[in-house]
Amino acid sequence: MAAIALPQFRVPKLPSLNLGGVLKSPILRLGGAAAVFAGAAIALVNLAGPVGGADHLYLPLEASLRHAPPGWREALRTSHGPAHLLAGFIRLSERPLAPGGTPGGASRAPLAFAGGPLAQAPIAGFFAPGPAGPLPIIAQDGRTPAQAYARPFHANGRPKVALVLGGLGLDERRTREAIETLRPEITLSFSVYAKGLQGWIDMARAHGHEVLLEAPMEPVDYPDNDPGASTLMADGQPPETVKRLEWILSRATGYFGLTHYMGSRFLAVDGAYNAFANSVRGRGLAFIDDGSAARRGGGLPRATAERVIDDNPAGASIDAQLNALESSALQRGQALGSAFAYPVTLEKVASWASGVEQRGYQLAPASALTHKR
């Protein structure tokens with residue numbers, strides 16, 4: 001497996017601590033040496049902060065998994081176990097969420113740069129403590145999390161095509177495949193019930209993908225079709241909707257907005273949607289739907305997918321939907337699609353995206369198609 005190029009600390013030297021011998025060991029002597037290194041590195045960073053703008057720490061996987069921040073161990077596991085990963089390296093978040101969701105710090109990078117990994121989350125100034133963990137906030141200078149965590153984009157005048165691929169975080173193999181094999185312009189959305197959610201988001205952003213959270217919402221056939229314990233209910237009072245939404249938002253950091261999981265009933269009720277939109281707008285986030293809320297506004301950055309490309313999860317049908325997406329972009333200047341992480345979808349999207357520019361289009365992140373309405 002190829003090395004994962006993630007965040008790294010430049011550790012300052014202290015005369016009282018001989019880090020040189022530890023660093024020369026390719027596996028940090030596993031047990032005791034790994035603990036010494038990890039403890040020393042964390043202590044040094046907390047005391048001295050990053051040096052020369054470097055904010056990350058490289059550790060060999062086999063030595064570092066025991067000291068990984070919350071979420072990374074789960075994100076790195078697969079159904080076949082971690083053995084095949086032991087030769088690789090991984091860049092760990094230097095200031096992860098502490099147990100219980102308390103923010104342990106923030107990235108000092110201002111905003112992400114186009115063409116590389118996105119800035120490590122959380123970014124200072126865009127979060128504050130909440131009852132269940134960190135919550136997104138609008139920065140003092142007026143910048144929003146929707147701006148800070150979106151993938152940078154520069155239009156080149158060609159028709160823009162964008163795609164949101166959802167349902168990630170629950171199937172480890174498919175999630176890793178989406179993160180590692182799809183082009184970084186593809187926007188990824190994650191279930192809030194995913195184990196190791198922060199680790200998955202960190203990994204996605206390190207590969208250049210912007211991220212959405214999937215807010216579970218009540219469908220018309222609830223409770224036969226139940227989105228989970230934190231479902232936003234159509235008849236819920238605004239304070240209860242906000243309380244449940246804050247739990248959803250506190251599950252992780254690094255997302256530029258929300259999409260929905262189910263929600264056919266919730267999105268159709270004015271009071272329910274307005275309470276949701278007001279809260280999302282107040283936190284500076286975007287909202288993207290799969291077509292179920294095409295007529296909804298709320299004064300926040302919005303985008304609506306015009307087609308779900310794998311409603312029929314068959315290869316020929318997906319190809320046809322992707323071709324139709326391009327045709328729409330040619331007619332209107334831009335087009336957004338949505339999809340689920342089926343194996344066939346991952347295969348078809350990867351192939352389609354590889355040739356988009358040759359066909360005269362510009363592949364764009366979903367955030368580039370949002371506007372306030």
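Near the amide H of residue 127, within less than 5 Å, lie the amide hydrogens of 137, all on another chain or at least 5 residues away, with H placed in the peptide plane.
The three principal axes of the C-alpha atoms in the stretch 254-331 carry coordinate ranges of 41, 27, 25 Å, sorted with the longest axis first.
Counting beta carbons within 10 Å around each of 186, 138 and listing the fewest first gives the order 138, 186. In plain terms, the residue of 200, 352 with the fewest other Cβ atoms within 10 Å comes first and the most crowded comes last, giving 352, 200. The local environment of residue 361, defined by Cβ-Cβ distances under 13 Å, has a net charge of +2 under the rule Lys, Arg +1 and Asp, Glu -1. Note on residue 371 and residue 312: the model spin-label points, each 7 Å out from Cα along the C-beta direction, lie 3.2 nm apart.
Values quoted throughout were computed directly from the atomic coordinates according to the rules given, and no laboratory measurement underlies them. Predicted model only: the values in this text are computed from it and were never measured. Methodologically, a virtual Cβ is constructed for each residue, glycine included, from the backbone with ideal geometry; neighbour enumeration extends over all protein chains shown.
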